[in-house]
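What follows is a structure written as structure tokens; I'll ask about it next.
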Amino acid sequence: MIEWATDVIDAIGLVGVAVLVALESIFPPIPSELILLLAGFNVSEGRFGFLGGVVASTVGSVVGAYVLYGIGRLVSDERLERFLAGIGRFVGLKEADVHKGFAWFERHGTTVVLFGRLVPVVRSVVSIPAGSDKMPLARFTLLTAAGSLAWNTAWIAIGWGLGDQWEKAGEWGDYLQYAVVAAAVLGSGWLVYRSRRSR
């Protein structure tokens, strides 16, 4: 996969970054961190600029999110919950868990879309309930772009800093992801607390 991603970016540069990140948004098993680290390495080699890499990857994130958002809008909630529960069996999720997830999304959708972009796998799946819940497209775009911008900027910066050692980041990438998840959970909790207190 790394060789293929390298070939794509070598062949079409920033467009390749955008395409790969869009595919990652649709197919969660593709590791976005490796794509972004590779983009950062290309920045360090002078093949394109840091800002260009961040913009291209963020555009790719939003385009990929639109695909799943569209699926969420077109498919009924019941079928969607059954489908996600079917997939969830492979990761220990029950249908009741998926139903609870949808109910929780209805209450905290804005926070989930924003911080969900910082959590692996969730960053892709979160677009589906957003579409199902008919979240306004402008709000969805803004939240997705903001969350993706933070994620993409961090990983591209790491790849840029590591240069030709960028693949080493994979060794401690899991720990960084745990830190991001913890920060996202704390941030979500703080926003929910604030909104309840203001009411």
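The values are calculated or read from the model by the stated rules, or taken from the named source; none is laboratory data. These numbers were taken from a predicted model, which means no experiment stands behind them. Counting neighbours? That spans all protein chains shown, and the Cβs are built from the backbone with ideal geometry, glycine included.
Matching residues to (1) assigned to a helix (DSSP H, G or I); (2) at pLDDT below 65; (3) within 23 Å of Asn42 (Cβ to Cβ):
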{"site": "Ala103", "(1), (2), (3)": "yes, no, no"}
{"site": "Leu142", "(1), (2), (3)": "yes, no, no"}
{"site": "Trp155", "(1), (2), (3)": "yes, no, yes"}
{"site": "Gly161", "(1), (2), (3)": "yes, no, yes"}
{"site": "Gly170", "(1), (2), (3)": "yes, yes, yes"}
{"site": "Asp174", "(1), (2), (3)": "yes, yes, no"}
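Still on this model: Determine whether Val113 is buried (at least 16 other Cβ atoms within 10 Å of the Cβ) and modelled with pLDDT of 90 or more.
no
Moving on to the next point. Restricting to segment 26-40, name every residue that is touching a helix residue (DSSP H, G or I) at 6+ places or on another chain (Cβ under 7 Å) and in contact (Cβ under 8 Å) with a residue 60 or more places away in the chain.
Ile26, Pro28, Ser32, Glu33, Leu34, Leu36, Leu37, Leu38, Ala39, Gly40
Any residue in segment 12-25 that is farther than 22 Å from Ser127 by Cα sitting within a Cβ distance under 6 Å of a residue that is buried (at least 18 other Cβ atoms within 10 Å of the Cβ)? List the pairs, counting only those 6 or more apart or interchain.
Short answer, once both residue conditions are applied: Leu14/Ala56; Gly16/Val8; Gly16/Ile9.
Can Val98 be described as within 24 Å of Arg139 (Cα to Cα), modelled with pLDDT under 90, over 20 Å from the mean Cα position of the chain (by Cα) and of a type in the set (A, V, I, L, M, F, W, C)?
no
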